Amino acid sequence: MSATGSPPSNLCPELATLALHAGAAPDAATGSLLMPIYQTATFVQQGVGLHRGYTYSRTANPTVTALERRLAALEGGEHALAYASGLAATTGLALALLAAGDRVVLSDVVYGGTARLFADVLERFGVAPEFVDTADPDAVAAALARPARLVFVETPANPTLKLTDLALVAGLARDAGALLAVDNTLLTPVLQRPFAWGADLVLHSTTKFIDGHNATIGGALVVRDAALAERLAWHRNALGLIQSPFDAWLTLQGAKTLPLRMRRHEEGARRVGAFLAGDRRVTRLIDPGAPEFPQAELARRQQAGGGALLAFEVRGGGPAARRVLASVRLCTLAENLGAAETLITHPASMTHAAVPEERRRQTGITDGLIRLSVGLEDPADLIADLDRALTEVER
């Protein structure tokens, strides 16, 4: 569907089936139901230039291929490439598409590692990043008034959960001759389908919801264009960025329950968000699934749910936030999201510590901001844990 067409339902009816079966089949040699882990560095060749599609696992591996096929099917793309991490996928994208002198327009709020890669690493090699408020069409249009090779959008943004209108930005990027890459890590194809809105590339940190169990580090790029996929694959091989077979195998298993888990995450987050919204000790709540969310209309049009992440501040600012983080018992203080366990994070000192303080303040990443990735526990238990922690802070 074109970006200017009627909004998609975002609910692919066969997603649960694809999550279980796409990309893998019972092993022809043994009948093993699960895809084997091809834990090998190299593959025997029948003769010079004669092989069975695989030569060396830095280039391609059957277990990794199975994961790639599943991810492509889930996201509605034609081709997928699995990487050693989400940042490895971002690095592979950047080095395959950009050269010295190229400009990149990025969301002003992105994962801290993404900001560091573009601003502190790639800029040294002549790539020119410009961080803009991609929720503001005028800001995007102004940024694209000068030539740009790539527009990189994260929506919802991590950790402020600000949304970008993908159809609108896709149109602006297309008119400017730029490719649009969308980081879909926070919603996954269960809740958001960027290709339906005009994206050229979709990026995932598979470490998060796709794995879902805090068990692996991984990333992926999904595309529809064969030539673009070939270019990405060449650079992944040249840079040595491919995911390991064992991590790919574990991620294959995690992906099987992705649709079920995302619905459970969604239900839990809405209940926890409702509790925080009604608590006098919470001074600010960001819940993309709530009717009061400032971009609620865009969320309803573009997404099939608000997702698992919430962000909030409590009375007392930064010191109070740190006491909350030290007082929770069920919520786990950690630098990740999208796992079965509920994780609570202080972005200013953890995930976004590499972002300059002035830019953090400008984009709403205050010292008092708490990010909550709601897991699969009983929401009543999570609410009780947060209530107790907030009570302790008040004492």
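The values are calculated or read from the model by the stated rules, or taken from the named source; none is laboratory data. Predicted, not measured: the structure shown is a model, and the values here were computed from it. Note: ideal-geometry Cβ built from the backbone for every residue, glycine included; neighbour counts use all protein chains shown.
Values for this structure:
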{"item": "Selection from the stretch 219-258 of residues that are of a type outside the set (Lys, Arg), at negative phi and not in a helix (DSSP H, G or I)", "result": "Gly219, Ala220, Leu221, Val222, Val223, Asp225, Leu241, Ile242, Gln243, Ser244, Thr257"}
{"item": "Complete set of residues in the stretch 362-378 that are under 19 Å from Val282 (Cα atoms) and not in a loop (DSSP other than H, G, I, E, B)", "result": "Ile370, Arg371, Leu372, Ser373"}
{"item": "Gly289 vs. criteria surrounded by 18 or more Cβ atoms within 10 Å (Cβ to Cβ) and modelled with pLDDT of 95 or more", "result": "yes"}
{"item": "From Gly113, Gly77, residue being assigned by TED's automatic domain parsing to the domain that holds Ala19, modelled with pLDDT of 95 or more and of a type outside the set (A, V, I, L, M, F, W, C)", "result": "Gly77"}
{"item": "Enumeration of residues in the stretch 296-328 that are surrounded by fewer than 19 Cβ atoms within 10 Å (Cβ to Cβ) and not in a helix (DSSP H, G or I)", "result": "Arg315, Gly316"}
{"item": "Residues located in the stretch 227-249, provided they are hydrophobic (A, V, I, L, M, F, W, C), in contact (Cβ under 8 Å) with a residue 60 or more places away in the chain and within 19 Å of Leu87 (Cβ to Cβ)", "result": "Leu232, Ala233, Leu239, Leu241, Ile242, Ala248"}
{"item": "Within the stretch 57-120, helices (runs of 4 or more DSSP H) holding 2 or more residues that are under 27 Å from Leu163 (Cβ atoms) and among the β-branched types (Val, Ile, Thr)", "result": "86-97"}
{"item": "The stretch 148-196, subset of a type in the set (D, E, K, R) and within 16 Å of Leu309 (Cα to Cα), residue surrounded by the most Cβ atoms within 10 Å (Cβ to Cβ)", "result": "Asp183"}
{"item": "Test for Glu123: is it surrounded by fewer than 18 Cβ atoms within 10 Å (Cβ to Cβ), in the same structural domain as His204 (by TED's automatic domain parsing) and among the acidic types (Asp, Glu)", "result": "yes"}
